[in-house]
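Report on the following structure.
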Amino acid sequence: MRRRTFRLLPALLLAAGALVALQPAAALARQVHRGPPARRAALPIAVSLQIAHAGRPVPARFLGLSFEVGALAQLGSYAGRGDLVRLLRSLGPGVLRFGGVTADQNVAWTDAQTPRPAWASSTIGPEQMHDLALLARRSGWRVLLTVGMAHFEPEAIAREVLAAKRALGANLEAVEFGNEPDAFGRHGFRPLPWLVQGYVEEVAYARDSIAALTPGVQVAGPDVSGSGIFGSWGYAMAVTQSPLELTGHHYPLGCTHQPPPSAELLLSPAMRAREAQSLTTYLGVASAQHLPLRIDEANSVSCGGVSGVSDTFAGALWAAGYIAQSMAAGAAGINLHGHPNNCSGYSPVCAPDATAVEGGRLRAQPDWYALLLTRSLIGWRPVPTPVSRPSSTTNLVATGFAGPHGSIKLLLCDDDPPGTAPLSLHVHVGAGMGTGTVERLTAPSPQARDGVLLSGHSVSGDGRWHGGRPRRARPSGGIVYLKMQPSSAALLTVEPASPHRGARKR
């Protein structure tokens, strides 16, 4: 076995791992709006798009889903039945990530050479990898696979990766080593203190075993629990493992958060600000190492979500805003996490009963509509989007994008609660622009679990979204006038008046 020596300078790791100073929960709670104000006239807000400063195009496989490894066999079986293939195709090409706590604590790899260990409550094997490969081929999605590291068995890991590569081929995006490995010490899987040096040494040992059977497999990581630890862990992963991309998780609220998770807290301006700081931390480390960054597990509230928050329209508003925020920050992708059998949590799709589980008939949850709303932003370039607000309490997320031949898109999320004033937006699109279209994402209330509509239509029982006819928005004097109701989202698209005008100045 080839020996490796890691000379990670403690000073560098300490500097790279400096924690971001985040507001304590009590301070954050004080900033949350405490109830709807009296109705008042629409607030005028000016929005402009700085096309000349467009960033890099949003990657083709930006959108993704994340599931527990414990659901891998079930989802793979849906390659030949049910709605999953149709649902995935409706978003275009993406990345399916399998990880979660079950990757380390519950599920083990078994094959002819690898018996089931005593600690495992379930297993996956070559047959499940073949089913997963069929799902990938039929949907056009790739797979990001997490192999368990808590019970460190390098030879079993190597055989699992060999089977995955044989079955998936080019559809195996990369392999991750452990789910939130920074927490192994806290969970009793490693003696304390558990540091990143020990983790990268174990990864290197596992990679040697993998290379002996399957050379050239791409890796990703470190798949940490949040941006606060990413400085040291992301840096160490980058300089010792040469990964395809760096990965980490994001949950704005924890299931034990105090005050308890709520729609109001989830959609507060203070929370959006904290998320922007988290993305800055993640991308600062990745950019310094010239690597892409994927938020490979994210959703509203940790521990599977909180019913009444995660499974409501508030979760969809949060997801739409965070997806656009991540695009604008320069992330390479995001995977919304879930479990196909849990309709009371945050899963974007789920089976509501045992019959649906058996037949693979998955229901689109509110989060799914956020993915549908943002799918057309793939390939577009984010641009700075200044907003002139008459009031500091206006809770609007506005993210602009530049497209081909001078076309523009503007993703808008009005996170204010029902009863607050609507917004009268003056979107400065410039001269020479033609009639635009508006796709609206609405629901009866932020607490609604049903009745979510995109352009007036819902996803049908067989996974199809037929799409309504978007409303028209005609510019006047280079400005599109658009009204936004509280607790809603919209996507404005405006093309040049004539294709013969050529591209606008950038």
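The values are calculated or read from the model by the stated rules, or taken from the named source; none is laboratory data. Treat the numbers as computed from the prediction; the structure is a model and nothing was measured. Ideal geometry is used to build each Cβ from the backbone, glycine not excepted, and the neighbour counts take in all protein chains shown. Quick note on the areas: whole protein, heavy atoms, side chains included, nothing else; ligands and nucleic acids left out. Shrake-Rupley method; radii C 1.70, N 1.55, O 1.52, S 1.80 Å.
Listed values, structure above:
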quantity: Helix-only CD estimate at 222 nm, as mean residue ellipticity for the chain, using -39500 (n - 2.57) per DSSP H run (n ≥ 4); calculated: -8500 deg cm²/dmol
quantity: Cα gyration tensor shape of segment 394-441, rounded if a/c is under 1.5, else prolate or oblate by comparing a/b with b/c; calculated: prolate
quantity: Note, ³J(HN,Hα) from phi for segment 434-451, Karplus 6.51, -1.76, 1.60, rounded to Hz, x at Gly and Pro; calculated: x, 5, x, 10, 10, 9, 10, 10, 9, 7, x, 6, x, 7, 5, 9, 10, x
quantity: Counting DSSP beta bridges with both ends in the chain, the antiparallel % (nearest 5); calculated: 50 percent
quantity: Cα centroid of segment 212-238 to Cα centroid of segment 430-452, whole Å; calculated: 38 Å
quantity: Centre separation in Å (Cα based) which lies between segment 120-153 and segment 241-309; calculated: 25 Å
quantity: Charge sum, other residues only, whose C-beta stays under 15 Å from ARG375's C-beta, Lys/Arg counted +1 and Asp/Glu -1; calculated: +3
quantity: Student exercise, segment 157-245 dipole from Lys, Arg, Asp, Glu Cβ charges, in Debye to nearest 20; calculated: 200 debye
quantity: Segment 144-240: C-alpha gyration tensor shape, a/c 1.5 cut-off, then a/b vs b/c; calculated: prolate
quantity: Amide H contacts of ASN342 (H built 1.01 Å from N, under 5 Å, at least 5 apart or other chain); calculated: ALA351
quantity: Accessible area in square angstrom per residue, the chain, 1.4 angstrom probe; calculated: 40 Å²
quantity: 0 to 90° range, to nearest 10: angle between helix 230-241 axis and the chain longest Cα axis; calculated: 50 degrees
quantity: Between helix 196-213 and the chain: long-axis angle, C-alpha atoms, 0 to 90°, nearest 10; calculated: 70 degrees
quantity: The chain: Cys lacking any partner C-beta under 4.7 angstrom; calculated: CYS413
quantity: Part-to-part distance (alpha-carbon centres) for segment 409-427 and segment 455-491, which is given in Å; calculated: 13 Å
quantity: Matching label, Cα extents along the principal axes in Å computed from the structure shown, candidates (i) 71, 54, 51; (ii) 74, 56, 39; (iii) 141, 58, 42; calculated: (i)
quantity: For the chain, size of Cβ-based charge dipole, Lys and Arg +1, Asp and Glu -1, in debye; calculated: 1920 debye
quantity: Degrees, to the nearest 10: 126-139 long Cα axis against longest axis of the chain; calculated: 20 degrees
quantity: ALA46 long-range amide H proximity, modeled H, under 5 Å; calculated: SER388, HIS426
quantity: Surface share of carbon and sulfur [accessible, 1.4 angstrom probe, percent] for the chain; calculated: 52 percent
quantity: Cut-off under 5 Å, modelled amide H: who pairs with HIS457 long-range; calculated: GLY468
quantity: Whole-Hz ³J(HN,Hα) from phi, Karplus 6.51 cos²θ - 1.76 cosθ + 1.60, for segment 277-283, glycine and proline x; calculated: 5, 4, 4, 4, 5, 4, 6
quantity: Calculated from backbone phi, Karplus (6.51, -1.76, 1.60) coupling profile of segment 302-317 in Hz, x at Gly/Pro; calculated: 5, 6, x, x, 10, 4, x, 10, 5, 9, 10, 4, 4, x, 5, 4
quantity: Extended-chain gain in nm, criterion 0.36 nm per residue less alpha-carbon gap, GLN258 and ALA497; calculated: 80.9 nm
quantity: Spin-label model distance (nm) - LEU192 vs TRP119, 7 Å beyond Cα toward Cβ; calculated: 1.9 nm
quantity: Total formal charge among the other residues, if their Cβ is under 9 angstrom from that of VAL95, Lys/Arg +1 and Asp/Glu -1; calculated: +2
quantity: Dipole of the chain, positive direction: furthest Cα of VAL387, LEU293, SER307, with charges on the beta-carbon; calculated: VAL387
quantity: Theoretical gain in end-to-end length, LEU453 to ARG86 [0.36 nm per residue, Cα-Cα removed]; calculated: 130.2 nm
quantity: Cα gyration tensor shape of segment 313-387, rounded if a/c is under 1.5, else prolate or oblate by comparing a/b with b/c; calculated: prolate
